[in-house]
Structures are given as C-alpha cells and as structure tokens.
Amino acid sequence: MKSALVVDDHPITHLGANRLLRDLGYDRIGQAMSGQDALAQLDAERAPDLPDLIVLDITLPGESGLDLVNALHIAAPDARILIFSMNDQTGFAARALQAGAQGFLSKNAPPDDFRTAVRTLEGGEFYLSPRHAMALATLRAGASANPLGALSDRERQVLALIGRGFSLQAIADDLDVSYKTAANTSSALKKKLGVDGINGLIKFALDSGL
C-alpha cells in the first residue's frame, strides 16, 4: 500500500493530484492546506503510516514550502518530496533541490509529466523537466561572484526572500512593509544588479548563496 500527502492551499489542486495519485496506485492520500497542518498530521502518525511521497506547493499560508522541506524530512524521513508549483522559473527548481526536495514540477505541466515525476521519485532518482534541467545547468555554468556589498540591508533582505520563492506580497508581509515598497525594491535590484526579470534576481540570489 502506497501513501501520499498533498500540501497545497488550493482545493482544485488537491482534486487533480488525488486523481493522478490514485491512478498511480496510491491508496491513502492525506490533504493539508498549510505547512503547519502538514506537520501536525505527520506528528500524529507513525511508521508505517507515514507517507511515501509528499507533493508540496511553494506558496503556502504563512511560509514558503521551500522552508518546510527540512522539517518534513525530519517528520517523515523516508518520504520523497516533489515540489509542485505555479512558480515556473528555473531558480525555483534550483532552490527546491538545494532545500532537499527530490523533484520539481510546474503546475502548468501536462498530467503525463506528473506521472513521470512521481515514478522517477519512486525509483529513487531526482526529477526535473528537460527544460528546467538544461536551464539549471546553464545557470550553474555561468555562476560567478557578485557584488553584494553594493546592496543596502533592505535590498539584501528582499533579494534573499525572492531567492527563497517568496512572492512580492509575501515579502511585504514578512518585512512588514507595503507591497509598493517591496515592488520598488525589486525594481531597484534589477537596475542595480543589471538583471532582467524575477528569474535574473533568483539566479543572482542562488549564485550568491543567499
């Protein structure tokens, strides 16, 4: 008997993931709407009832799913973790693997990719889509030292949170500033660092070890 836990705050995602997982032979599928809910459920269970697979969103109420990976591994040591997110940028895929997840899949991917990702994790391997794998290799090949010293403390904070997968609204909430302040700081970072778009900031943050 295979079991899974889906951690996502969107009911439609639970519905779709549950159907796909049942097709893949998962008999017991837990549902959690937040990281705290997931950890509470895992704390109440004991092996062999702990999940074999955890499907985890990045954007969750109160915290980033990427920040939950380590705690989930401690609570369910044998579970494989698949990050399943609308955040499709390559930097998020890199951050997912750095955090300790075994796979990353965009919610825009077709159902067959979800099946492939789950089977790959079940086989003890890591999963990235071919596009993400190639882009990540390119990011790593181009990694170099970056002038963090030119950034203000606030700019460094915002950059670090962008690299951890936070949306601008989540950054504003975390730093207790307005959305406009977070957005303006993001724009200033792009100009100061000479990068294009959010993906450029994510790459910069990852390459700088933030």
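At-a-glance table
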read-out	value
Qualifying residues in the range 155-210 (those that are assigned to a loop (DSSP other than H, G, I, E, B), of a type in the set (A, V, I, L, M) and over 20 Å from Ile83 (Cβ atoms)) - the one farthest from the chain's Cα centre (by Cα)	Val177
Boolean, Gln89 is under 14 Å from His132 (Cβ atoms), out of contact with any Leu (no Cβ under 7 Å at 6 or more places or on another chain) and touching a residue at least 24 places away in the same chain (Cβ under 8 Å)	yes
Lys180 being touching a residue at least 40 places away in the same chain (Cβ under 8 Å) and more than 21 Å from Arg95 (Cβ to Cβ)	no
Hits in the range 38-65 (condition: crowded, with 19+ Cβ neighbours inside 10 Å and more than 22 Å from Gln98 (Cα to Cα))	Leu42
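Throughout, read-outs are computed from the coordinates displayed, never taken from laboratory work. Only a predicted model underlies this, so the values are computations on that prediction, with no experimental measurement involved. Don't worry about glycine lacking a Cβ; one is built from the backbone with ideal geometry, like all the others, and counts go over all protein chains shown.
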